[in-house]
1. Within the group Lys15, Lys32, Lys41, Lys51, which residue is at pLDDT below 85 and basic (Lys, Arg)?
2. Being surrounded by 10 or more Cβ atoms within 10 Å (Cβ to Cβ), in contact with a helix residue (DSSP H, G or I) (Cβ under 9 Å, 6 or more places away or on another chain) and either of a type outside the set (Ser, Thr, Tyr) or in a loop (DSSP other than H, G, I, E, B) (or both) is the filter here; which residues of the stretch 36-58 pass it?
3. Check off (1) surrounded by 10 or more Cβ atoms within 10 Å (Cβ to Cβ); (2) part of a loop (DSSP other than H, G, I, E, B) for Ile30 and give me the number that stays unchecked.
4. Hey, Ile26 hits all of (1) in contact with a Lys or Arg (Cβ under 8 Å, 6 or more places away or on another chain); (2) free of Cβ contacts under 8 Å to residues at least 24 places away in the same chain but one; which does it fall short on?
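The values are calculated or read from the model by the stated rules, or taken from the named source; none is laboratory data. Values in this document were obtained by computation on a predicted structure and should not be read as measured data. Don't worry about glycine lacking a Cβ; one is built from the backbone with ideal geometry, like all the others, and counts go over all protein chains shown.
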Amino acid sequence: MTRAYNDPTGDEAVKRICNEENRLEIVIKIIKLVCRLGGFKLVQRISLEDKKSGRRYD
């Protein structure tokens, strides 16, 4: 999407959300890898809470 104007506030918000989602994806991949290496399989969803933002991922 292209805009004819700069929106630094919106751009910063999108950047933060993307960074948070990337961190979450990395953590989930690591958890799954550790389970696999230990001979286990993840059978239910994991609930995570970001210590910094307090946001919960269920």
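1. Working: Lys32 fails: at pLDDT below 85; Lys41 fails: at pLDDT below 85; Lys51 fails: at pLDDT below 85.
Criteria check complete, one pass: Lys15.
2. Pass one, the stretch 36-58, residues surrounded by 10 or more Cβ atoms within 10 Å (Cβ to Cβ): 36, 40, 42, 46, 48-50, 55, 57.
Of the ones still in play, those that are also in contact with a helix residue (DSSP H, G or I) (Cβ under 9 Å, 6 or more places away or on another chain) are 40, 42, 46, 48, 50, 55, 57.
Phe40, Leu42, Ile46, Leu48, Asp50, Arg55, listed by residue number.
3. Status for Ile30: all satisfied but (2).
4. Of (1) in contact with a Lys or Arg (Cβ under 8 Å, 6 or more places away or on another chain); (2) free of Cβ contacts under 8 Å to residues at least 24 places away in the same chain, only one is false for Ile26: (1).
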